[in-house]
Structures are given as C-alpha cells and as structure tokens.
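Scroll down for the structure; my scribbles are underneath it.
The values are calculated or read from the model by the stated rules, or taken from the named source; none is laboratory data. None of the values given here were measured: they were computed from a predicted structure. Counting neighbours? That spans all protein chains shown, and the Cβs are built from the backbone with ideal geometry, glycine included. Just the protein is used for accessible areas: all its heavy atoms, side chains included, with ligands, DNA and RNA removed. Shrake-Rupley method; radii C 1.70, N 1.55, O 1.52, S 1.80 Å.
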Amino acid sequence: RHVTDPARFLRQQLRCRHHAGVLGTNAMNCGSRYEPPRPGDGLALRSKVLEQLSGPTVKVAVITAPAGYGKTSHAAALVAHDSRPAAWIDVEARLDIAPGLLAELVGALCHVTDFDPAGLEAVGVASAEYSTIIAPALGRAARRCSVPFVLVLDDVHLLSDHAATDLITALISNVPDG
C-alpha cells in the first residue's frame with residue numbers, strides 16, 4: 001500500500017487502534033475497508049438525481065428503487081464527485097446485530113472524520129441497552145464531528161434487528177451540518 005500522506009495514515013491507524021480497544025474488535029484494517037466502490041464506466045446516471053443528492057442543504061439522503069435501477073451506482077458516482085471524505089459500508093447479514101453494526105459505524109466514522117468514540121464502550125452491554133444507552137451516545141458523538149463527511153450505508157434495508165436500526169436512527173438524527 002502506497003501512503004501519500006503519512007501524517008493522515010498515522011492518525012487513521014491511531015484512531016483504528018483506539019476504536020478497536022473501545023469496542024473490543026479488530027479494526028486494524030479499517031483504512032481500505034471503508035473505501036467506496038468506483039462508479040462503473042458507461043453507466044447511464046441520472047444527473048438530476050445526483051444534483052438533488054449533492055445539494056448544500058442535504059444532510060441525509062435515502063435512495064430507494066427496485067433492484068437493478070442503479071441505487072449503488074448513483075451513490076458511488078455521488079461519492080466520487082464529492083470533495084468530502086467518504087466511507088462506505090455494505091450492510092450484510094452479519095451487521096444485523098447491534099454490536100457488529102456499531103463496530104462498523106464507529107470504524108467508518110473514525111476513518112473519515114474527527115469522530116470520538118469515547119462513551120461508546122459497548123463490550124458486555126446487554127442488547128436492550130443499545131437502544132437506551134449506546135444509540136443516544138452514538139448520536140451525541142456524531143453531532144460533535146466538525147469535519148464534514150459522507151457515509152453510505154448500502155442495502156440498509158437488510159437490517160431488521162431493532163437495536164441495530166436504533167443505532168441508524170440515532171446517527172441520522174444527529175448528522176452535523178456540512
């Protein structure tokens with residue numbers, strides 16, 4: 001891996017180590033893990049959709065359409081043309097549990113912004129406490145971010161765990177300006 005900005009790389013690695021210690025996870029490879037996919041060549045993207053999604057007042061956007069309509073391609077194109085740092089999480093079955101999703105969200109946010117995971121010590125926390133303690137703490141931590149960012153949760157509709165969806169709700173309810 002070629003490092004073009006050693007100081008940024010070191011900050012990311014330190015944040016990843018801190019994040020791993022706080023959550024009791026292995027987050028040492030968080031740098032490339034959250035990289036957005038590259039938009040495919042020759043795709044017929046809808047410029048009006050991209051324009052609406054990148055508006056200056058848009059804090060949270062939800063892209064919905066039937067399978068095969070290009071939701072992921074549009075999100076990838078948006079991220080590719082956005083100047084803010086971006087993280088991408090492909091929601092999978094393994095993330096349909098609050099501890100797994102929390103680890104991914106914290107890792108992604110640490111990767112792209114000045115997210116401080118202090119207060120999110122979730123090791124040994126009961127599932128019910130994710131909705132009442134951890135989700136609000138996640139929201140407060142997100143609100144304190146001062147570096148603008150883009151976070152894409154692709155296939156978020158696959159989440160069914162109540163505590164996991166509470167984490168998403170807390171996060172999107174507290175997205176800072178920018």
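If you look at just the Cα atoms of region 135-178, how large are its Rg and its Dmax in Å?
11.0, 31
Skipping prolines and chain starts, which residues have an amide H placed within reach, meaning under 5 Å, of the one on ALA87, given they are 5 or more residues away or on another chain?
Those qualifying (amide H under 5 Å, at least 5 residues apart or on another chain) are VAL150, LEU151, VAL152.
Would you pull out the residues with amide H under 5 Å of SER173's amide H, same chain only if 5 or more places away, H placed 1.01 Å from N?
For SER173, whose amide H was placed from the backbone, there are no distant partners under 5 Å.
Tell me, rounded to the nearest percent, the portion of alpha carbon pairs in region 85-178 spaced more than 24 Å apart.
Working: 501 of 4371 pairs.
Tail of P(r) above 24 Å: 11 percent of Cα pairs.
Convert each backbone phi in region 111-118 into a coupling constant with the Karplus relation 6.51 cos²θ - 1.76 cosθ + 1.60 (shift: θ = phi - 60°), then list the ³J(HN,Hα) values in order as whole Hz, x for Gly and Pro.
3J(HN,Hα) across region 111-118, in whole Hz: 5, 10, 8, 8, 5, 10, x, 4.
Quick one: Karplus J couplings for region 151-162, per residue in order, coefficients 6.51, -1.76, 1.60, θ = phi - 60°, nearest Hz, x for Gly and Pro?
Working through the residues one at a time gives 10, 9, 10, 7, 6, 4, 5, 6, 6, 10, 5, 4 Hz.
Over region 74-139, average the accessible area per residue using a 1.4 Å probe and give it in Å², no decimals.
On the way: 2420 Å² over 66 residues.
Counting only protein heavy atoms, the per-residue value for region 74-139 is 37 Å².
List, in order, the whole-Hz ³J(HN,Hα) value for each residue of region 139-147 obtained from phi through the Karplus relation with A = 6.51, B = -1.76, C = 1.60 and θ = phi - 60°; use x for Gly and Pro.
x, 4, 5, 5, 4, 7, 5, 10, 8
Modelling each spin label as a point 7 Å along the Cα-to-Cβ direction, I'd like the ARG38/THR169 distance in nm, to one decimal.
It works out to 4.0 nm between the two label points.
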